[in-house]
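Following: one structure in structure tokens, then a few remarks.
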Amino acid sequence: MLIVLDNCEHVVDAAARLTEELLARCPHLTVLATSREPLGVPGESLRPVEPLPEPAALRLLADRGAAARPGFRVDADEETAAACAEICRRLDGLPLAIELAAARLRMLTPRQIADRLDDRFRLLTSGSRTVLPRQQTLRAVVDWSWDLLDADERDVLGRLSVFAGGCDLAAAEAVCGPAALDALGSLVDKSLVVAAPVTDRLTSDGMRYRLLETVAEYAGERLDETGGRAAAARAHLTYYRELARTTDPLLRGAQQLAAIERLEREYENLRTALRHAVAERDEQEALCLALSLVWYWQMRDLRVEARNWFVEVMALGPDPFAEPGTPARPVWERCTSAPPPMTGEVLAEARRGVHLAHLACMDTELDAWQNPAAQRKLRIIADTYEPGMPQTCSSPGLLWFYSVMLTGDMDRLREIMDATLRTCRETPGYEWELAGGLQMRAQMLANRTDWAGDAVRDADESLEIYGRLGDAWGMAEALSGRAEARERVGEYRLAADDYRAAAEHAERLGAHAQVDVLDARLGSVLLEAGDTERGERVLRGVIDRTAGTGHNGAMPAARLFLAGHLGMTGRTADAGEQLRLLREEFSIAHFVVFDAFILAAEAWLATLEDRHEECLTGIRKSLVRAEDPLSAAIAPHMRSAYLTIAAMALARLDGGARAADGARCLGAADAMLPPGHVATGMERDARGRAVERVRGVLGTEAYDAAYAEGGRLSPQEAVALV
């Protein structure tokens, strides 16, 4: 025999006693009871009724929607399909909530319903008149559950609403107090809290608790009614500030992956905490949280979001780089080595750190630093520190070098890097900082062949230290630095091996943006090594993966490398399309160095297609950008390459009338190349075409004479020829 007891939650004790008595007296009886919590009877077997999965939820919405508005279909068009999916997701697949939403289709579109779900309790009120009152509106349904809770359960449920994306037991106890453990158990039993197992490599396995969105909104309203939100939000902020502060150091060693996973899992809570600190204008808490996330944001390529947070945090305190500027004093400890409050020089350095981190995130908007006021600020930043100060050995203090670079003081930049390494070698416990400094110097040396030093040697030492520390991110960066150094001296096969190895380390960390960048560089060196089919395939793969992802530095590099290869192999229309898409899709085209690269590539394609005047117009713009200090630091060979492209166009302009100027440009271009520079395939191609064109017009003797004249010109005189 089967007896069904429906909706037992409001008489759960009586239902339990009745069930136990019936089962004791009737040995062949089965009782099927529905309730929002277990009866707690011996032999009870639980079958949780989960929210509807999305396909079933959409079918329910389609069925009830068609009943409310004949002809309604959830897949009528893309906008309707997206809105219906959002409705089902935000209503957590709850059948009654979906039915109430479907009833609203008599007067609202799916998009209007979805947009109003932030006020769902006012919206979803049109239930059937024939059902019980507690089932006629969404609020009545949740009111019914709330009324069945005791005081501790209500208090804990209300406080749980301040979490975003759920929490673990430790967080719940920190925010909800000592009643959390027992209350969580009963709230899970009553289906008001969802519990799921989670693996934390730092603390072993545990459970994670979350509220359905509908329950969270209701519980938040109740928390506001009690006046308890301020205390709960403050406890939440304190807990997650400490989680970020104590997890940040783990990003630099063997527990790196576990630390990344923890920060990713808690990222919505960290955002919520930082948002609360900013809203409360609590500078100390905001500084500590932002600085604790600087390295995570860097590792996850979240520069745009980070920049926006830095703007908010900077506004909470004074500008540490305001005129006339205050010289920094040495700070040996991390500003976040202890909880707030910070005082004295540590507080001053924390404020400077946020400003420096913001500066480093402006790499795609460097034109914002080109006005006189911004240049004055850059000079103040550059003068604030002395080379080798301890706080400049790691981020964010290390980012000070951006200001030096942007003011064009290249000699000091080398002094800074060398002094940083000296401090790291002389200071116990600065191994990680030493590895970072070596890796940075390796990349700078690779791009500046006119500077003495061995980039591969620096990268090797950096790689050894990172490997000993167990820092996979650092190993990827060191391998990338070594690959770049090998690429610059023409060791393309070795460079490809290093880029592959770097990408493997990054892939293990889930650093997809870094993998994309490394693959773009890999595709480039494969082309240079003559493995053109594979190189082109790798570059196209990067472009496909990064389409529509917003700020990702891999895509523009991949498009630029691919455009060069396409142009050299006669596919100039395809090459032009790659450059057009690059300008259309990515804001980094406004970055002065990258803009120069794109302009030059466009000019090169123009002269290949006999648009020579257009070529010269682009080269003139490129040469202006090549004068920028940052261009000189990153790509000191730019002017030489651009004069070579100009020579291609000058040879064909006006029937060859300006071919002698083309020869002079070639002579000047060769003379101003940095010593030890190894030309890329595109540079070799451009020079070969330029020499052939110019010599073909002038003849050998006239070409040689004009070429020699060009070699004696100053850079300014050579640029004037264009």
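Descriptive notes on the structure:
- Checking each residue in segment 8-26 for being within 15 Å of Arg36 (Cα to Cα), part of a helix (DSSP H, G or I) and touching a strand residue (DSSP E or B) at 6+ places or on another chain (Cβ under 8 Å) picks out only Ala15.
- Some residue of segment 280-287 being of a type in the set (Lys, Arg) and on the phi < 0 side of the Ramachandran plot: no
- Pairs where the first residue, in segment 553-578, is farther than 20 Å from Asp595 by Cβ and the second is part of a helix (DSSP H, G or I) and among the charged types (D, E, K, R), C-beta under 8 Å, 6+ apart: His565/Glu536; Leu566/Asp574; Met568/Asp685
- Any hit, segment 296-304, residues being more than 27 Å from Tyr430 (Cα to Cα), at pLDDT below 95 and either under 26 Å from the mean Cα position of the chain (by Cα) or buried (at least 22 other Cβ atoms within 10 Å of the Cβ) (or both): yes
- The residues in segment 675-710 that are part of a helix (DSSP H, G or I) and under 18 Å from Asp661 (Cβ atoms) can be counted, and the count is 23.
- If the condition is being in a helix (DSSP H, G or I) and either touching a Gly at 6+ places or on another chain (Cβ under 7 Å) or surrounded by fewer than 24 Cβ atoms within 10 Å (Cβ to Cβ) (or both), then segment 463-473 contributes Glu464, Ile465, Tyr466, Gly467, Arg468, Leu469, Ala472, Trp473.
- Scanning segment 430-478 for residues that are closer than 26 Å to Glu528 by Cα and touching a His at 6+ places or on another chain (Cβ under 7 Å) turns up Thr449, Met475, Ala476.
- Annotation note: of Pro339, Pro324, the sole residue that is surrounded by fewer than 17 Cβ atoms within 10 Å (Cβ to Cβ), at pLDDT 95 or above and over 22 Å from the mean Cα position of the chain (by Cα) is Pro339.
- When segment 621-653 is filtered for residues that are outside any helix (DSSP H, G or I) and either touching a Pro at 6+ places or on another chain (Cβ under 6 Å) or modelled with pLDDT of 85 or more (or both), the ones remaining, listed by number, are Pro636, His637.
- Residue match in segment 348-362 (condition: surrounded by 16 or more Cβ atoms within 10 Å (Cβ to Cβ), over 27 Å from the mean Cα position of the chain (by Cα) and assigned to a helix (DSSP H, G or I)): yes
- Looking across segment 485-500, the residues that are in contact (Cβ under 8 Å) with a residue 24 or more places away in the chain and part of a helix (DSSP H, G or I) come down to Ala485, Arg486, Glu487, Arg488, Tyr492, Arg493, Ala495, Ala496, Tyr499.
- Just one of the listed residues (Gly481, Gly474) is in contact (Cβ under 8 Å) with a residue 60 or more places away in the chain and closer than 30 Å to Asp411 by Cβ, namely Gly474.
- Lone qualifier among Pro51, Pro55 - being within 38 Å of the chain's Cα centre (by Cα) and in a loop (DSSP other than H, G, I, E, B): Pro51
- Qualifying positions in segment 445-459 - surrounded by 17 or more Cβ atoms within 10 Å (Cβ to Cβ), free of Cβ contacts under 8 Å to residues at least 60 places away in the same chain and part of a helix (DSSP H, G or I): Leu445, Ala446, Ala455, Val456, Asp458, Ala459
Table: residues versus (1) of a type in the set (D, E, K, R); (2) surrounded by fewer than 23 Cβ atoms within 10 Å (Cβ to Cβ).
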{"position": "Ala501", "(1), (2)": "no, yes"}
{"position": "His505", "(1), (2)": "no, no"}
{"position": "Asp519", "(1), (2)": "yes, no"}
{"position": "Val525", "(1), (2)": "no, no"}
{"position": "Gly541", "(1), (2)": "no, yes"}
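- Total residues in segment 66-80, condition under 14 Å from Arg104 (Cβ atoms) and either touching a strand residue (DSSP E or B) at 6+ places or on another chain (Cβ under 6 Å) or outside any helix (DSSP H, G or I) (or both): 2
- Matching option when the condition is among the acidic types (Asp, Glu) and touching a Leu at 6+ places or on another chain (Cβ under 6 Å), among Asp628, Asp661: Asp661
- Taking (1) closer than 30 Å to Phe401 by Cα; (2) at pLDDT 90 or above; (3) surrounded by fewer than 20 Cβ atoms within 10 Å (Cβ to Cβ) in turn, Gly681 satisfies each apart from (1).
The values are calculated or read from the model by the stated rules, or taken from the named source; none is laboratory data. This is a predicted model, so every value here is computed, not measured. Because the Cβ atoms are built from the backbone with ideal geometry, glycine has one as well, and the counts that use them run over all protein chains shown.
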